[in-house]
Amino acid sequence: MPVTLSKGAIAILERRYLKKDPSGNVVESPEQMFFRVASNIAAAESLYGVGQDARKRLEDEFFRAMTGLEFLPNSPTLMNAGRRLQQLAACFVLPVEDSLDSIFEAVKKTAVIHQSGGGTGFSFSRIRPANDIVGSTGGSASGPLSFMRVFNAATEAIRQGGARRGANMGVLRVDHPDIEAFIKAKDDPTEFLNFNLSVALTDAFMDALGSGKDYDLVNPRTNKMAGSRSARQVFNLIVEYAWRNGEPGVLFIDAVNRANPTPRLGAIEATNPCGEQPLLGYEACSLGSINLGKFLKRNNGAASVDYDKLGHTVRLGVRFLDNVIDACRYPAEEIRAMATGNRKIGLGVMGLADMLCGLNLPYESEDGVSLAGAVMGFINKTAWDESKRLAAERGPFLNIKGSIFDRAGVLPVRNATTTTIAPTGTLSILAGCSSGIEPFYALGYTRLALEGIKMHEVNALFMERAKEGGFLSPDLVHFVMEGGDIKKRDDVPLEVKRVFQTASDVSPEGHVRMQAAFQGHTDNAVSKTINLPHSCAREAVEKAYMLAYGLGLKGVTVYRAGTRRGQVLSCEGSLYC
């Protein structure tokens, strides 16, 4: 079965995913890659007594879903399934305790994970603050930031799978004495290039912020009060630096732990690099995404969501990801034990903007947000139903005792979590769709991919609509390719302008509300960028954070256009960029 891919998608596959011979020549086609993955993941069925014929039928279904670009697993699975590494998980969190042994053991495991294509998250909140005492030597502690530099340097030396640079998430609690230095950590643009940073905001901090009070700092070595700070001043500092360059993001850590499915095993302190996957120490998670643009049907010319097809693909995706857990070769025994004990999976979506355009619904409209919530609600409900079916077939996850599912009248489930909304940056290029749950960035833009490859992209749906509507012209194509705003064009119908909203057309509140629509039906968290125009005031950042907290989000990231060198997406001629 041939698969239709863009030139950019083929370039990425050849650089990163397809098999190569010892001389570096590509020796695998995209179809062969998808068959390699489908065959490897279907083979895990044999662990549960599934016969060869049934495995072959499932292998065919996996293959059709991937070649049809309806479902794609995370990058490590595409890279490594059926190959020597066989490390298939994307997301890891490693514990970092207040000792040199723990810190450098985490550095070692990080190197192995990055080499295999995974990303890592850490909380540095347990490390004693700078200038605190070191009992064994009588000297002064250097603090969490100094050790973060060690992780950053190690990451710089390792390229994931020989093709992509490692990614980390660094988290520090807002009540750590070094919080202000952490907030300012990227003031120097050459520092922490391999880290995303997030401040873990507590409910106590948010309460102090709301009442205009100070809050307590806590020394993690002694667990005693180590001073106090004005919540307003610290919050303003977070806002200021996020406005400057998009970091740090914020993680509402108490909201994260209210949704922790296995509290008996400990509290969640950190997430994966893009923030969508909160995990316990040593946990790993395998992700996959459904391309929503492929799930529309037409009846008498009217488009609607094909829920029957979507439901089938959700069930297929849950089974695929559960098989990934068994097929994966984990980089450490502690990680294997946690991954197979909790069996967390993260089925998500991409192509939301494509689906909304196909339904003629503007991204920020009330109907658009409502439809998005309904679709994700259906996905989440179906995913849990399939997890229950798998539990009946294969048994519940091993650590279910003491979990939120260990209650009378609750059916056993196979997985501690089932859904996650990932950013799908690379996967969306392969699938030829909009990324994650983001609006279109622009209708024409340049994408910087794979450390230097520039890909010039024009929105295919807009070109198709223009052709169907009879207003396609060489001048319009050139205008869009240069990043022009179609709202300025008299030849583009008002209805088309209304439907084809881009990131700059969506208000900060609209971005947050769309994220909330998904978070309400997502077990883990939601990766979403609150895009802001370069001209926005700092107050826009504050409003986004406060609205996100009020709507129960687990975290939020803002980005003001043009505030970082090497911006992944860019366009010319647009006021937004």
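General observations
- Orientation-averaged projected area, Cα convex hull of the range 104-253 (nm²): 9.4 nm²
- Label zone of residue 406 (point 7 Å out along Cα→Cβ, amide N under 16 Å): in the range 267-295 this covers 267.
- The chain - charge dipole about Cα centre, Lys and Arg +1 at Cβ, Asp and Glu -1, debye rounded to 20: 900 debye
- Pairwise Cα distances in the range 367-407 exceed 13 Å for 64 percent of all pairs.
- Taking a Cβ cut-off of under 15 Å around residue 323, the surrounding Lys, Arg, Asp and Glu residues balance to a net charge of +4, with basic ones at +1 and acidic ones at -1.
- Rounded to 5, the percent of DSSP beta bridges in the range 131-251 classed as antiparallel: 50 percent
- Whole-Hz couplings from phi, Karplus 6.51/-1.76/1.60, listed for the range 265-275; x for Gly and Pro: 8, x, 8, 7, 10, 8, 10, 6, x, 9, x
- Solvent-accessible heavy-atom area per residue, rounded to whole Å², over the chain at 1.4 Å: 41 Å²
- Using the Cβ-Cβ distance between residue 222 and residue 188 with R0 set to 25 Å, the FRET efficiency works out to roughly 0.25.
- With both labels modelled 7 Å from their Cα along Cα-to-Cβ, the residue 150 to residue 213 distance reads 3.8 nm.
- Taking the Cα centre of the range 177-301 as reference, the dipole from Cβ charges on Lys and Arg (+1) and Asp and Glu (-1) amounts to some 580 debye.
- Inter-label distance for residue 306 and residue 471, nm, one decimal - labels placed 7 Å from Cα along Cα-to-Cβ: 2.9 nm
- Taken over the range 210-350, lysine pairs spaced eight or more positions apart, or on distinct chains, with alpha carbons under 28 Å apart number 5.
- DSSP-assigned coil residues among chymotrypsin sites (Phe, Trp or Tyr not before Pro) in the range 357-397, each with at most 15 further Cβ atoms within 10 Å: none
- Taking the helices alone, the chain has a mean residue ellipticity at 222 nm of -12000 deg cm²/dmol, built from -39,500 (n - 2.57) per DSSP H run of at least 4 residues and averaged over all its residues.
- Across the range 184-189, coupling constants 3J(HN,Hα) worked out from phi with the 6.51/-1.76/1.60 Karplus curve, θ = phi - 60°, read 8, 4, 9, 4, 8, x Hz, and Gly and Pro carry x.
- The range 226-362 shape via C-alpha gyration tensor axes, a/c threshold 1.5: oblate
- Convex hull projection area averaged over all views, the range 90-187, Cα basis, nm²: 6.4 nm²
- Anisotropy class assigned to the range 265-340 is prolate, per the alpha carbon gyration tensor with a/c at or over the 1.5 cut-off and a/b larger than b/c.
- Taking the charge dipole of the range 337-462 about its Cα centre, with +1 at Lys and Arg Cβ atoms and -1 at Asp and Glu Cβ atoms, the residue from 444, 428, 458 reaching farthest to the positive side is 428.
- Distant-in-sequence amide H partners of residue 270 (H built 1.01 Å from N, under 5 Å): 279
- Considering only the chain, percent of DSSP beta bridges that pair antiparallel, nearest 5: 50 percent
- When restricted to Cα atoms, the range 489-554 yields an Rg and a Dmax of 14.3, 45 Å, respectively.
- Full extension of the chain between residue 64 and residue 4 gives 20.3 nm of extra length, using 0.36 nm per residue less the Cα-Cα distance.
- Anchor residue 20: lysines whose Cα lies under 20 Å away (excluding residues fewer than 8 positions away in-chain): 7
- Those trypsin sites (Lys or Arg not before Pro) in the range 316-367 that DSSP places in a loop and that have at most 13 other beta carbons within 10 Å: 329
- Peptides 108-117, 258-267, ordered by how many other C-beta atoms sit within 10 Å of their residues on average, highest first, read 108-117, 258-267.
- Restricting attention to the range 69-185, close to 35% of DSSP beta bridges with both partner residues there are antiparallel.
- Computed with every protein chain present, the accessible area of residue 274 is close to 70 Å² [probe 1.4 Å].
- All aspartates and glutamates inside 13 Å of residue 467 as judged from Cα atoms, apart from same-chain residues fewer than 8 positions distant: 491
The values are calculated or read from the model by the stated rules, or taken from the named source; none is laboratory data. What you see is a predicted model, and the numbers here were worked out from it, not measured in a lab. So basically every Cβ, Gly included, is an ideal-geometry build from the backbone, and we count neighbours across all protein chains shown. Calculation scope for accessible area: heavy atoms of the full protein, side chains included, ligands and nucleic acids excluded. Shrake-Rupley method; radii C 1.70, N 1.55, O 1.52, S 1.80 Å.
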